[in-house]
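Structure first, then comments.
Each reported figure results from applying straightforward, stated rules to the coordinates on display, with no laboratory input. Small disclaimer: the values here were computed from a predicted structure and weren't measured. With ideal geometry, Cβ positions are generated from the backbone for all residues, glycine too; neighbour counts draw on all protein chains shown.
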Number of protein chains: 2
Amino acid sequence: MEKKFVEVCFTPGEYEYFKGRFEIVVVIDVLRATSAICSAFHNGVKSVIPVETIEEAQAYQKKGYLVGAERNGEIVEGFDFGNSPFSYMNPKLKNKEVVLSTTNGTRAISIASDAQTVVIGSLLNLEALNDWLITQDKNVLCLCSGWKDKFNLEDTICGGAIADALLATGKFTSNEDSSVAAKYIYQSSKTNYFGFLKSSSHRRRLKSLNLNKDIKHCLTPNQTSVIPILKNGKLVVT
Amino acid sequence: MEKKFVEVCFTPGEYEYFKGRFEIVVVIDVLRATSAICSAFHNGVKSVIPVETIEEAQAYQKKGYLVGAERNGEIVEGFDFGNSPFSYMNPKLKNKEVVLSTTNGTRAISIASDAQTVVIGSLLNLEALNDWLITQDKNVLCLCSGWKDKFNLEDTICGGAIADALLATGKFTSNEDSSVAAKYIYQSSKTNYFGFLKSSSHRRRLKSLNLNKDIKHCLTPNQTSVIPILKNGKLVVT
């Protein structure tokens, strides 16, 4: 049987060099958009509508939707919440449709939306996602959201963890240096994500905003088995 | 004393997010442009004129210059040589001015040319370059040439080695996740670059062109103490 590819793309800006070759794109924004999305579905949210701009978010708000918007780690003024996973554990959101716009994550979802299948990855749903990806028998690209088009460590660790698990089955192969590097970085970090990310720029950024509780939550793997999938512009769980 | 920054930028495409903040940019293309440039100066070449396009290279050729041109790992038809370091060990090149155009390296030099100082880095001149950078007391960016705007392992290892050495002095600091990652990748690889790069895409590419001898040469550190610097569009050694 021919092996499928699993590769890691470090930033949305580099997606153009990968696109078209992968049926499945896994969008990753560990701190915090895709972790928040997984938490939302785990806590009963019905669907999440990812939007790129604040203007789109405002338009949904006017229509009466509950809307989260984050820029530079903070809730945008006038919105219901930002991208803290804890905001999405509110019982009031159960069975609701929620709109979300964030600095990096929702932009990456939008960029990837030309792919056959877009799924949401984070450390929170890592094992369930890996199991699901292995059963699909498709080429998989892990698209890291990065930070404003620059490489970040936490998304790379998550992409590396997915590549590592898929490669271990013998059914997948990798061709790109970024995938090899992501795998090494994951392997160096896996015994202690929190310690490894001490020096990460985004962890420093969130720490200065008193978001250590969020960081700990986002770096605790396998809390949920939800696999959010993009369908007609909305994220849902199947 | 305020610490200076040393950072690693993975690809020329990401340079725009770093530019302006670093007095010194070290351009790195281990396989093979910057290794070839170091070999050229070590063997007595007087200057190297880096040009981006084949058209510019042809124009110099018409004026009687010796011109090297490489695309996709191979010598471009009609040119004197490509970017194999061994081509530049020819005694006929002693004290000569040589023109060079390559897939990634000379493009990276051109992109970086807005910086105050552009120097050429490779594993071949690693220790001498590190010693020189430490004495400069300036902010340093290691710009990896990558492969057609994608991340590559060998340039990242070299950038990580420079960051590691500069940080070890206590006079430098790093803020970017890419620099942290490069340092880890260098540390994982340093006992055996050749083995570590087994799975590198570019090594595979060159191996298929029977260039293993070139690869071994380029991965053997500290063969020379030359530090090529860009001055008025020409690389020279001071």
Modelling each spin label as a point 7 Å along the Cα-to-Cβ direction, I'd like the A:Q61/A:K138 distance in nm, to one decimal.
3.4
DSSP bridge pairs, the protein assembly as shown: antiparallel proportion in percent, nearest 5
25
Would you mind computing, in nm to one decimal, how far apart the modelled labels at A:N210 and B:S208 are, each placed 7 Å from Cα along Cα→Cβ?
5.6
Hey, can you grab everything whose amide H is under 5 Å from the amide H of A:R71? Only 5+ residues off in sequence or another chain; H modelled, so Pro and N-termini drop out.
A:V76
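Residue by residue through B:149-158, how many Cβ atoms from other chains fall within 10 Å of the Cβ on average?
For peptide B:149-158, the averaged partner shielding equals 4.
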In nm, what does the list of distances from B:N210 to its counterparts in the other copies look like, shortest first, when each label sits 7 Å along Cα to Cβ?
6.9
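Using a Förster radius of 45 Å, what is the FRET efficiency between A:K231 and B:E23 based on their Cβ-Cβ separation? Nearest 0.05, please.
On the way: r = 50 Å, r/R0 = 1.12.
The formula returns an efficiency of 0.35 here.
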In whole Hz, the Karplus estimates of ³J(HN,Hα) for segment B:203-209 (6.51, -1.76, 1.60; θ = phi - 60°; x where Gly or Pro) are 5, 4, 4, 6, 4, 5, 9
Chain A - share of DSSP beta bridges that are antiparallel (%, nearest 5)
25
Cut-off 10 angstrom, C-alpha nodes, Gaussian network model of chain B. Which of B:T173, B:T103, B:T135 fluctuates the most?
B:T135
Could you grab the Rg to Rh ratio for the protein assembly as shown? Cα atoms only, Kirkwood for Rh.
1.02
For segment B:226-235, in residue order, the Karplus 3J(HN,Hα) values (coefficients 6.51, -1.76, 1.60; θ = phi - 60°; whole Hz; Gly and Pro = x) are 5, 10, x, 10, 7, 9, 6, x, 10, 8
Per-residue ³J(HN,Hα) for segment A:58-69, Karplus 6.51 cos²θ - 1.76 cosθ + 1.60, θ = phi - 60°, Hz, x for Gly and Pro
4, 4, 5, 4, 4, 7, x, 6, 7, 10, x, 8
Taking chain A as a Gaussian network, where each spring joins two C-alpha atoms under 10 Å apart, which residue of A:S35, A:S113, A:S199 fluctuates the most?
A:S199
Computed over segment B:4-231, the relative contact order (Cα-Cα under 8 Å, seq sep at least six) in percent reads 35
Going by amide H atoms built from the backbone, whose H comes under 5 Å of the H on B:V45, apart from near neighbours?
B:N95
For segment B:1-115, what proportion of DSSP beta bridges, expressed in % and rounded to the nearest 5, is antiparallel?
20
Taking N as the number of residues in segment B:4-231, what is its Cα Rg relative to 2.2 N^0.38 Å?
0.94
By how many degrees, between 0 and 90 and to the nearest 10, does the Cα long axis of helix B:33-42 differ from the longest principal axis of chain B?
80
Would you mind telling me which residue in B:L66, B:L153, B:L31 has the biggest mean-square fluctuation in a Gaussian network model of chain B, where springs connect alpha carbons within a distance under 10 angstrom?
B:L66
19 Å cut-off, amide nitrogen to a point 7 angstrom out along B:N222 Cα→Cβ, residues in segment B:4-37:
B:35
Neighbouring partner chain Cβ atoms per residue of B:169-181, average, 10 Å criterion:
5
Separation between Cα centres of segment A:148-201 and segment A:58-137, rounded to whole Å
22
Under 5 Å, built H, 5+ apart or other chain: amide partners of A:L100
A:I49, A:V51, A:G68
For chain B, the longest principal axis of the Cα atoms and the Cα long axis of helix B:153-168 enclose an angle in degrees, to the nearest 10, of 40
Inter-copy distances for B:E127, label 7 Å out on the Cα-Cβ vector, sorted ascending, nm, one decimal, are 4.9
Quick one: helix B:126-136 against the long Cα principal axis of chain B, what's the angle to the nearest 10°, folded into 0 to 90?
60
